[in-house]
Amino acid sequence: MDMPPPSRRDFLKSSSILLASSGLAFPNILRGAVSTAKLKVGLVGCGGRGSGAANQALKADPNNILWAVGDAFEDKLSASLGALQNNFKTQVDVPEGRQFVGLDAFQKVIDSGVDVVLLATPPAFRPQHFKAAVAAGKHCFLEKPMATDGPGLRSVLETVAESKRKNLGVCAGFCWRYHPGMRETFKRLADGAIGTLLTNYNTYNGGAVDRYPKWNRKNTTRDLEWQLRRWYYFSWLSGDSIVEQACHSIDKMAWAMGDKPPIKCIGHGGRQVRSGEDYGNIFDHFSVVYDYPNNVRCMHASRQINLTAASNTDSFYGSEGICEINGSSKQFAIKDLKGNVKWRYTPEKSDMYQVEHDEFFASIRASKPFNDGDRMASSTLLAIMGRMATYTGQEITWEMALNSQERLVPEHLDWDMKLPVVPVALPGITQFL
Ligand SMILES: NC(=O)c1ccc[n+]([C@@H]2O[C@H](COP(=O)([O-])OP(=O)(O)OC[C@H]3O[C@@H](n4cnc5c(N)ncnc54)[C@H](O)[C@@H]3O)[C@@H](O)[C@H]2O)c1
């Protein structure tokens, strides 16, 4: 690299400078009476979450129109589009000429005349798709996480900066940030309800994840198709479960820490029970300790092993109290140090996935598109850093993770390429790059 490596301080500084310099250029769609204008939405990645995001985007405003869709595979595209056409008869306008299949489908969706793109492929592709969308001046909804490696994350940071220069909206699928009860809870934490935050322990523990039984090695002969169909199990595509899934817990930790980066982390984990080539090279458990300034220590644990205790919880311990969040039952409480409940969130009927789209499209229509870019990049890097520490068995600083040269995602892909599976990491032997 020609430039000196970015540091924790640079990361914070550049975020705030960029924030201050946003609000200059407005894309054409934002000029004039935009509130009732049709906003054309393009979907890239027509799987479970992409289809869900398209549903929410269309529900967010009757003048939002699904205009183009793209997926690596035709069967995924047809199934998703068929369901969306059934659900939203007048809001889906996607003729055959705007249905794109293949690895370049994202560019065709972006170039089809859309105003907003929903990026919901496996996360390995997010940096490339986000960069192309922002280069073309599109507002973006991006599912979490935003990258799987250091080069991808740095690309996302550059694109975030570009999106701010262009005043484009960026909404991140770290959906808990849009949950009304979680917002109430984190506001109380920020206002000092438990005093000074000392420690956080967050968990994402569940059973084994068994996806895509149909697409096994026996009946999917091309390496790339096999791995894309089963993307969850390959570290280059998903980032491993700590990045792909448990990043939600890590994002809540980051939220409580004011989205300031930690100093370093250390991790333990492995692949104890998961086995077989169809399950790629990801681990089945992680335990990471993050050290923040002022002796604040945050601990993350995640596991995907059947017949083990499940929990999706976040406990924050402060100098004057405790905050306990149960993500499964949606119970959130603040207690004093003796355990007496001082405040409890009364669950209300709300859908955080819908809230994020409602707020995002409203902000675009009000010509004040918001930008989650900095915090989505920061939370993604936190999770990547935890994986790096766990895979290598080494202490990893924020600067090391931010400047990592390990490139998991191949620069060029073609359907007939040989794509050997990288061996499962071995702490102590796997090197940090
Ligand atoms: N916020 C949440 O709570 C939440 C929940 C589930 C999934 N997600 C995230 O959403 C993303 C997608 O997950 P999913 O569960 O929908 O997976 P999925 O497998 O159901 O869908 C992924 C889709 O992307 C397509 N695809 C793969 N590579 C592509 C490429 N290069 N170009 C175009 N299309 C491509 C696949 O064919 C598939 O249709 C992941 O990043 C995941 O972490 C977020």
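Filtered by the rule that a residue be in contact with a Phe, Trp or Tyr (Cβ under 6 Å, 6 or more places away or on another chain) and either hydrophobic (A, V, I, L, M, F, W, C) or not in a helix (DSSP H, G or I) (or both), the range 245-255 gives Ala246, Trp255.
Residue-by-condition table, conditions (1) surrounded by 18 or more Cβ atoms within 10 Å (Cβ to Cβ); (2) outside the structural domain of Ala246 (by TED's automatic domain parsing); (3) in contact with a strand residue (DSSP E or B) (Cβ under 9 Å, 6 or more places away or on another chain); (4) free of Cβ contacts under 8 Å to residues at least 40 places away in the same chain:
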position: Thr390; (1), (2), (3), (4): yes, no, yes, no
position: Ile396; (1), (2), (3), (4): yes, no, yes, no
position: Pro410; (1), (2), (3), (4): no, yes, no, no
position: Val424; (1), (2), (3), (4): no, yes, yes, no
position: Pro427; (1), (2), (3), (4): no, yes, yes, no
position: Leu433; (1), (2), (3), (4): no, yes, no, yes
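Count of the range 54-100 residues, restricted to those that are under 25 Å from the mean Cα position of the chain (by Cα), of a type in the set (A, V, I, L, M) and more than 12 Å from the ligand (Cβ to nearest atom), is 8.
For residues that are within 28 Å of Lys418 (Cα to Cα) and surrounded by 14 or more Cβ atoms within 10 Å (Cβ to Cβ), scanning just the range 178-218, find the one that is nearest to the chain's Cα centre (by Cα). Across the range 178-218, the extreme among qualifying residues is Val209. Of the residues contained in the range 137-152, none is found to be assigned to a helix (DSSP H, G or I), outside the structural domain of Arg344 (by TED's automatic domain parsing) and among the basic types (Lys, Arg). Hey, can you tell me all the residues within the range 215-244 that are more than 12 Å from the ligand (Cβ to nearest atom), without any contact (Cβ under 8 Å) to a residue 24 or more places away in the chain and either outside any helix (DSSP H, G or I) or among the polar types (S, T, N, Q) (or both)? The answer is Lys218, Asn219, Thr220, Thr221.
Among the residues in the range 240-247, are any crowded, with 23+ Cβ neighbours inside 10 Å and over 30 Å from Met417 (Cα atoms)? Within the range 240-247, one or more residues are crowded, with 23+ Cβ neighbours inside 10 Å and over 30 Å from Met417 (Cα atoms).
Within the range 159-167, identify whether any single residue is within 16 Å of the ligand (Cβ to nearest atom), over 23 Å from Asn63 (Cα atoms), in contact (Cβ under 8 Å) with a residue 60 or more places away in the chain and in the same structural domain as Asp71 (by TED's automatic domain parsing), and answer yes or no. No, that holds for no residue. Looking at Ala301, Ala309, just one residue is part of a loop (DSSP other than H, G, I, E, B) and more than 15 Å from Arg188 (Cβ to Cβ), and that residue is Ala309.
A single entry from Leu118, Leu103 fulfils the requirement of being assigned by TED's automatic domain parsing to the domain that holds Ser367, assigned to a strand (DSSP E or B) and either surrounded by fewer than 24 Cβ atoms within 10 Å (Cβ to Cβ) or within 13 Å of the ligand (Cβ to nearest atom) (or both): Leu118.
The values are calculated or read from the model by the stated rules, or taken from the named source; none is laboratory data. Model, not experiment: these values are computed from the prediction. Cβ coordinates were reconstructed from backbone atoms using ideal geometry, including for glycine residues, and neighbour counts include every protein chain displayed.
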